[in-house]
1. For A:SER3, what residues show an amide H to amide H distance below 5 Å, using hydrogens built from the backbone and excluding near sequence neighbours?
2. What is the Cα radius of gyration of region A:11-70 over 2.2 N^0.38 Å, N being its residue count?
3. Using label points projected 7 Å from each Cα along Cα→Cβ, tell me how many nm separate B:GLN58 and A:ARG340, to one decimal.
4. Normalise the Debye intensity by I(0) for chain B, one equal point scatterer per Cα, no solvent, then take log10 at q = 0.08, 0.12, 0.17 Å⁻¹ and round to two decimals.
5. How do B:SER244, B:SER40 stack up against each other in accessible area, from largest to smallest, with a 1.4 angstrom probe?
6. What list of ³J(HN,Hα) couplings, whole Hz, do you get for region A:100-108 from phi and the Karplus terms 6.51, -1.76, 1.60, once you set θ to phi - 60° and write x for glycine and proline?
7. Roughly how far apart, in whole Å, are the Cα centres of region A:146-175 and region B:64-102?
8. When Cβ neighbours within 10 Å are restricted to other protein chains, what is their mean count per residue of peptide A:78-86?
Amino acid sequence: MHSIAVERVSKTWNGVAAVEDVSFTVEAGDLVALLGPSGCGKSTTLRLIAGLDAPTAGRIVIAGREVTGLPPARRGIAMVFQSYALFPHLSVAENILFGLKVRKVPRAERDGRLAKAAETLGLAPLLDRRPSQLSGGQQQRVALARALVAEASVCLMDEPLSNLDAQLRLEMRREIRALQQRLGMTMIYVTHDQVEAMTMADRVILMRGGRIEQNATPAELYDRPSSAFAARFVGTPPMNVVPATALAGRDWALPDAAAGGLGSLSVGVRPEAVRLDPAGLPAEIVAAEYLGADTLIETRLGGVPFVARTAGRIGMKAGETIHLAWSAGDAHWFDRASERRIA
Amino acid sequence: MKSRLSAAVHGWLLLLPAMALLVAFTHWPAVASLVESFTSTPRPRRPSRFVGVANYEQMLADPVFWQSLVNNLRFALGTIPLAIGLALLMAVWVNDRIPGRTFARMAYFTPTILPMIAVANIWLFFYTPQYGLLEQVTAALGLPSHNWLGSRETALAAVTLVAVWKEAGFFMIFYLAALQGISPTLAEAAALEGASRWTFFRRVQFPLLMPTTLFVLINAVINAFRTVDHIIVMTRGGPDNATSLLLFYVYQVGFNFWDTSYAAALTVVLLVMLAVAALVQYGWLERRVHYR
Ligand SMILES: Nc1ncnc2c1ncn2[C@@H]1O[C@H](COP(=O)(O)OP(=O)(O)OP(=O)(O)O)[C@@H](O)[C@H]1O
Ligand SMILES: [Mg+2]
């Protein structure tokens, strides 16, 4: 089992920073998700760890050994590429076995691993096809299989499930997690899907504009987001973040920290923490969305949208007024200018 | 119905100019050569008449024809693999991220831009006895003097080398274009799996280049049978027909000896050989090289 340490790594492309001063460690046997919006530097970080690109500054250490200058093959890793990188002239089976053949793994062993991977990923009927004869999701599973048969102690995955349908994605998520735990792999898993990150990972590293916004366990990320950005990125629907001035005069909603004045603060409340209470803040309903188990009520507070989630169906329409309340512990306070958490 | 007809007429009208040129300068001469090969060459007192396969019988008994055929096959076997191999090597090399690769690409491509006559003149200087470049080098090394183009043993090899030098750069361009079409992530995936440069070439690049290789091969075969300029400039088929290639012999028979009917028969044989080669390559090889 191998740990990974990324120490103060930066990567610039022609003077533009793709990754800036990023540091984190991945404990041996952990699955860490790199989460963030498109273009925030997730793939770049992964490619630096894999050795496909060289960092402009910083060190990368795998299993206690510095690998910053080593070629990819000497780092002992497997990787799933965002673009799959399947060999178009080879069959599915040959694609999966490519690396094992290069490394001269004995035939019986190879065939065993191929059969296992093909079964796990539902590729058995497709083994003789060429990549061009597969659907996008099938190609993605071949790429996944190629990384899994390597049974490397470190596995890097760049959005390996982005092309699968919801049902298959759910299955694959469990499958990858189970496999990772059974084999004790150390895995870095890139995704822009927060559900994937929250459900699979031991830790989630949230990135934004080439920097790490927050590095925390899924529960921490949800319960104590370190910034308004992190607060909005995690959870569906996202957390409401409104100017604190909207709460002026409501003592039940104001913490001691707000004594200095509300002008420089914003307050965040998750839709699921909001309840309807006659003593709460009045707000006019803009729209109501019925989801079956519950209803999302969109209102406006302090001039910005504010969503509340209530169980079941409510018998109210747009234009009517409701009263919103939450317990003080459910409010998150952020500095309005820097967006950082203050309490 | 009417619009479909007018569309068809429209299409044919668009094809007409090119078609007229092709018919006038390619199809008709080919057919005319075939017809003429069954007649005798017209002489001032003896007009042309039908002679059946007499020209072909003459060919079978003609030692210079056989010599030219053998020369041509050896020329082809020399140029084709060497030019293609070299082109592939150069393309793979200048495709990698090396310093000065634009310069290297240009340098390799230069021979292609030069007219064959100019190329032949350059190499004529290299091969010149006594004061040619090659002679000066061998002399400096203390090796005996040798007349490369003037001796039967080395003349064919010498002109073969010129053709290789001329063609490799041209074929390299096709390989280079094909290599740039291969996604760089394939190289990254192979590198991650621990594949060496050679393994990557053998297992990935070379198979993916097969369609290009087929195309280049067909061109190389055709070129090997229609190169004639540098022979005319450098050796005029000599010494003692040692560098006489088929097309050069056709030229000699037709325009030096003015035996046009015999030249037509030789042309037909050359055309048939090229057609068979093209059919084999397209019909048989093509089915084996395409992976999509
Ligand atoms: N080869 C390159 N040359 C120049 N800029 C690059 C290169 N590769 C990436 N970038 C830039 O670096 C930034 C980070 O890119 P990266 O591919 O890491 O994003 P990402 O987080 O993986 O996004 P996505 O979710 O869309 O895949 C982007 O702004 C991108 O434009
Ligand atoms: Mg990416």
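The values are calculated or read from the model by the stated rules, or taken from the named source; none is laboratory data. As the structure is a computational prediction, the values presented were derived from the model and not from experiment. With ideal geometry, Cβ positions are generated from the backbone for all residues, glycine too; neighbour counts draw on all protein chains shown. Areas reflect the complete protein model, heavy atoms only, side chains present, ligands, DNA and RNA absent. Shrake-Rupley method; radii C 1.70, N 1.55, O 1.52, S 1.80 Å.
1. Here A:ALA28, A:ALA63, A:GLY64 satisfy the definition.
2. Working: Rg = 11.8 Å, N = 60, 2.2 N^0.38 = 10.4 Å.
For region A:11-70, the normalised Cα radius of gyration comes out at 1.14.
3. 10.0
4. So the normalised log intensities are -0.50, -0.98, -1.34.
5. Heavy-atom accessible area, descending, gives B:SER40, B:SER244.
6. 5, 5, 4, 8, 6, 6, x, 4, 4
7. Region A:146-175 and region B:64-102 have Cα centres separated by 46 Å.
8. Mean inter-chain Cβ contacts per residue within 10 Å come to 4.
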